[in-house]
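K.L.:
Sharing a structure here in structure tokens format.
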């Protein structure tokens, strides 16, 4: 399997190499044109000099003067160009490489049209081979020779091999190719090192994700300050997700363990009592008593299942839909719920203190759910309030909120326990047996309902008095 780096390295290297070759080709074209122009300009100057020199030494239809021959040879060597002198018919008269006697003497230039063009324009240029004179391709400049009267008496042809310029260009191209290859190789090495450095955090992330997927819920990605910002954000997002999943998994395990624990005792009790009545261990005259216990335990299990279903439904909804809310008097709702506890309150001799506005306090919420909230809070207050203690129901008004407080005397909740009272299956009294009511779901349901309305609930416990306060919106 090819890595992402290898998928991008080779195309990137090819693109870089092609770009360098393109730059080199364009540079070569410009350099060639520049060198060609420079060569032609140099030859033109040399040709002008030799033409002027030949005109000065032209005497009686002859250029055989010894000084001219020496000067022609010197000028040719200084300019590093070859020069020949031809008459008007194109026949070669003198040659700079052997002024006193050249094997080329007598050679006639066949391209008469070119010579006529030189006579008309005063200068002719070209590139190519001079048949019979030089075997290689050359730059050529031709100018006429005039006598003292301004009459054309011959031609000067100055040339230099094209190969010299081509050799320079070839050398430049070789250097460019070598540098291009070195640049591509260096870029490949640098990109490899850089890619490995960039890929290491991604590999760590992949290993951590694999470990997390195999059950190592505490696996986290280490974020190095030198890591790119995007990878840091990815690693941080992964760690946050892992923490959330770990917390959810721990809650799920705790939930399953708590449910299993809570169901184990009543199910064992029910099974034992039914088996005892079936096999005769329990006498027939005691069957009604034990059947009553079985009925109570069954109802308790039913309430547990119903509570769990209510919680699941609220969590799935993600909030209470507006169409399920209505306008009602929260004071009247609390009063009706309080009346249902009249018998328990009287049995324990609890003193009830009610403080609420004389006028109706209207709110907009789901009345059934709010009734359940008040019921659960009052049920806990009555349950944990000692005999002769005080129970309080207080409704206060804010600017746009109603504050409902339900309090009771009793044992102070330790500060470290306060943040946990709304957790599922959390019980302050760890020693409670099955004969004491409650599954540890009441306050969890209360918080779920209040939060589903977009409101808040809090708890305080100090000096033997515990108070739960939740908010509701005020409406006219």
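Laboratory data are not the source of any read-out in this text; all were calculated from the coordinates shown. Keep in mind that this is a model prediction, so the values were computed, not measured. A quick note on method: Cβ atoms are made from the backbone with ideal geometry, for glycine too, and the neighbour counts reach across all protein chains shown.
K.L.:
Starting from the eigenvalues of the Cα gyration tensor, five times each then square-rooted, give me the equivalent ellipsoid semi-axes of the range 300-378, largest first, whole Å.
P.N.:
Numbers: eigenvalues 132, 88, 11 Å².
Each semi-axis is the square root of five times an eigenvalue, giving 26, 21, 7 Å.
K.L.:
Still on this structure, please answer the following. Just subtract the alpha-carbon distance of residue 89 and residue 271 from 0.36 nm times their residue separation and send over the number in nm, one decimal. Please list the in-between numbers first.
P.N.:
Working: separation 182, 0.36 × 182 = 65.52 nm, distance 13.60 nm.
My answer for the length gained is 51.9 nm.
K.L.:
Let me ask something additional. Take the alpha carbon atoms of the range 151-221, find their center, do the same for the range 364-404, and report the distance between the two centers in whole angstrom.
P.N.:
About 76 Å separates the Cα centre of the range 151-221 from the one of the range 364-404.
K.L.:
So how much slack lies between residue 127 and residue 173, counting 0.36 nm per residue of separation and subtracting their Cα-Cα distance, in nm? Walk me through the numbers on the way to the answer.
P.N.:
Numbers: separation 46, 0.36 × 46 = 16.56 nm, distance 2.20 nm.
Taking residue 127 through residue 173 to full extension adds about 14.4 nm, to one decimal.
K.L.:
Round to the nearest 0.05 the FRET efficiency obtained for residue 206 and residue 236 when R0 = 22 Å and r is the Cβ-Cβ distance.
P.N.:
On the way: r = 16 Å, r/R0 = 0.73.
E between residue 206 and residue 236, to the nearest 0.05, is 0.85.
K.L.:
For the chain, find the longest principal axis of its Cα atoms and tell me its angle to the long axis of helix 4-57, 0 to 90°, nearest 10.
P.N.:
So the inclination is approximately 20 degrees.
K.L.:
Still on this model: Once Rh for the range 323-473 is found with the Kirkwood sum over Cα pairs, what is the Stokes-Einstein diffusion coefficient at 4 °C and 1.567 mPa s, in µm²/s? Write down the numbers at each step before the final one.
P.N.:
On the way: Rh = 15.9 Å.
It comes out at roughly 82 µm²/s.
K.L.:
Using only Cα atoms, find the angle between the long axis of helix 287-317 and the longest principal axis of the chain, and express it within 0 to 90 degrees, rounded to the nearest 10.
P.N.:
30
K.L.:
I would also like to ask the following. Any idea what angle helix 162-213 forms with the longest principal axis of the chain, computed on alpha-carbon atoms, 0 to 90 degrees, nearest 10?
P.N.:
Result, in degrees: 10.
K.L.:
For Cα pairs less than 8 Å apart in space and 6+ apart in sequence, what is the mean separation divided by the residue count of the chain, i.e. the relative contact order in percent?
P.N.:
Numbers: 595 pairs, mean separation 45.6, N = 476.
Answer for the chain is 10 percent.
K.L.:
What is the order of 46, 379, 463, fewest Cβ neighbours within 10 Å to most? Spell out each step's value before the answer.
P.N.:
Working: 46 24, 379 18, 463 6.
With the sparsest Cβ surroundings first, the list reads 463, 379, 46.
K.L.:
To continue, here is another question. Would you please state which residues of the range 175-209 a label at residue 19 would reach in this model, taking the label point 7 Å out along Cα→Cβ and a backbone N cut-off of under 19 Å?
P.N.:
176-195
K.L.:
Hey, what number do you get for the chain at 222 nm if only DSSP H runs of n ≥ 4 count, each worth -39500 (n - 2.57), divided across all residues, to the nearest 500? Write down the numbers at each step before the final one.
P.N.:
Values: 10 runs with 258 residues, N = 476.
Dividing the helical sum by the residues of the chain leaves -19500 deg cm²/dmol.
K.L.:
If you don't mind, there's one more thing I want to ask. Sketch the reach of a paramagnetic label on residue 417 as a point 7 Å from Cα along Cα-to-Cβ, and name the residues of the range 380-407 whose backbone nitrogen lies under 15 Å away.
P.N.:
380-381, 383-386
K.L.:
Output the relative contact order of the range 323-473, whole-number percent, from Cα pairs under 8 angstrom with separation of 6+ residues.
P.N.:
Working: 255 pairs, mean separation 36.7, N = 151.
Averaging sequence separation for qualifying contacts and normalising by length gives 24 percent for the range 323-473.
K.L.:
Oh, and also: Could you order the peptides 353-364, 398-409 from most to least packed, using the average number of other C-beta atoms within 10 Å per residue? Write out the running numbers ahead of the final one.
P.N.:
Numbers: 353-364: 13.8, 398-409: 17.3.
So the order, starting with the most tightly packed, is 398-409, 353-364.
K.L.:
Take each of the peptides 143-149, 367-373, average the number of other beta-carbon atoms within 10 Å over its residues, and list them starting from the highest. Provide the component values of the computation, followed by the final result.
P.N.:
Details: 143-149: 16.6, 367-373: 19.7.
By packing density, highest mean first, the sequence is 367-373, 143-149.
K.L.:
Continuing with the same structure: If I model the chain as equal point scatterers sitting on the Cα atoms and use the Debye formula, what is log10 I(q)/I(0) at q = 0.07 Å⁻¹?
P.N.:
The Debye formula, applied to the Cα set alone, gives -0.65.
K.L.:
Still on this structure: Contour minus end-to-end for residue 291 and residue 112, with contour as 0.36 nm per residue of separation and end-to-end as the Cα-Cα distance? Spell out each step's value before the answer.
P.N.:
Working: separation 179, 0.36 × 179 = 64.44 nm, distance 13.68 nm.
Stretched fully, the residue 291-residue 112 segment lengthens by 50.8 nm.
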